[in-house]
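Values in this text are rule-based calculations from the coordinates and carry no lab data. Remember, predicted model here, so these are calculated numbers, not experimental data. In this analysis, Cβ positions are derived from the backbone assuming ideal geometry, glycine residues included, and neighbour counts consider all displayed protein chains.
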Amino acid sequence: MTIPEIDWSAVDRTITKAGEQLRQGKNSEDFQAIGLLCREALISLSQAVFDPSRHKTEDGLDPSPTDSKRMLEAFFMSELSGGSNEEARRHARASISLADSLLHHRTASYRDAALCIEATQSTANLVSIVTGRTETERLAPADTEPFRIPEMGDSTLNSIVEHYKKQGLETVLPLLEEKDVQLAKGNHIAYYPGSHREVWVGYHEGRYEHILMTKPGPSGA
């Protein structure tokens, strides 16, 4: 099953934000809020892939726009039908339950939040496989996943560029598919400041098109 028109940007943004909050979290309220972000990611995911014309719920009722549990279960029941795929369907249901549990867990810990993000990412990756999303576009673990910026003129991108400019480095935005070629030419990956996360920029027709890199040596050298 390939659905090229799926917009993954909302899912990517929310899971990325959850990962950032996990690294910055200091108390149970911070970790509890990650449950809400994971729930939002699952809602965006379910809205992106659910097709009422082909994905029928088990009880025959139409799910509400925020009923990610019903939508994802209907999606997996249709696209992964049969007893041999029960574990995959169970995986998605467990992810939703874990996110909801953390949301209402007043003593949420770092481990709770990390497990919630992992479960949500795993479900997104499972949907990626079923829908035919390319390997390079699938979500990686929260601490290594690319920092995704859907819009080329985003202020976050400008601040990252300014960060490297202050170091005397000139940034470029080659095509993501040309990353290895650019590395061979001597360019370097411009990681998100303070991390080892690549910066992917420009979401278009179901994929991110560019990667932020720096030219070799200080600018003006």
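Per 0.36 nm of contour for each residue apart, how much would the distance between LEU36 and HIS105 grow if the chain were fully extended, relative to their Cα-Cα spacing?
Contour length minus the Cα-Cα distance gives 23.7 nm.
Rounding to the nearest 20 debye, state how big the charge dipole of the chain is about its Cα centre with +1 on each Lys and Arg Cβ and -1 on each Asp and Glu Cβ.
540 debye
Cross-link list LYS26/LYS56; LYS26/LYS179; LYS17/LYS69: which exceed 30 angstrom alpha carbon to alpha carbon?
From the list (LYS26/LYS56; LYS26/LYS179; LYS17/LYS69), the Cα-Cα distance tops 30 Å for LYS26/LYS56; LYS26/LYS179.
Only Cα pairs under 8 Å and at least 6 apart count here; give the relative contact order of the stretch 147-214 as a rounded whole percent.
Relative CO of the stretch 147-214 lands at 42 percent.
If you rank TRP8, TRP200 by fewest surrounding Cβ atoms within 10 Å, what's the result? Could you put the intermediate results ahead of the total?
Numbers: TRP8 25, TRP200 22.
The fewest-first ordering by Cβ neighbours comes to TRP200, TRP8.
Please state the charge dipole magnitude for the stretch 9-137, taken about the Cα centre, from unit charges on C-beta atoms (+1 on K and R, -1 on D and E), reported in debye and rounded to the nearest 20.
Rounded to the nearest 20 debye, it is 220 debye.
Which value, in debye to the nearest 20, describes the size of the charge dipole of the stretch 147-214 about its Cα centre when Lys and Arg Cβ atoms bear +1, Asp and Glu Cβ atoms bear -1, and nothing else is charged?
Using Cβ point charges on Lys, Arg, Asp and Glu, the stretch 147-214 gives about 260 debye.
Give me the mean projected area, in nm² to one decimal, of the convex hull enclosing the Cα positions of the stretch 7-86.
In nm², the orientation-averaged hull projection of the stretch 7-86 is 6.5.
Within a 10 angstrom radius of the beta carbon, how do MET77, MET213 rank from fewest other beta carbons to most?
MET77, MET213
Is it possible to state the helix-based mean residue ellipticity at 222 nm for the chain, with each DSSP H run of 4+ residues giving -39500 (n - 2.57), the sum divided by total residues, to the nearest 500 deg cm²/dmol? What is it?
-16000 deg cm²/dmol
Compute the length gained on full extension between THR156 and ASP59: take 0.36 nm times their separation in residues and subtract their Cα-Cα distance, giving the result in nm to one decimal. Working shown, then result.
Working: separation 97, 0.36 × 97 = 34.92 nm, distance 4.43 nm.
Result for the pair: 30.5 nm of gain on full extension.
Out of residues 5 or more away from ARG148 or on other chains, whose amide H comes under 5 Å of its own, with H placed 1.01 Å from N in the peptide plane?
TRP200
For LEU169, what residues show an amide H to amide H distance below 5 Å, using hydrogens built from the backbone and excluding near sequence neighbours?
HN-HN under 5 Å from LEU169: SER219.
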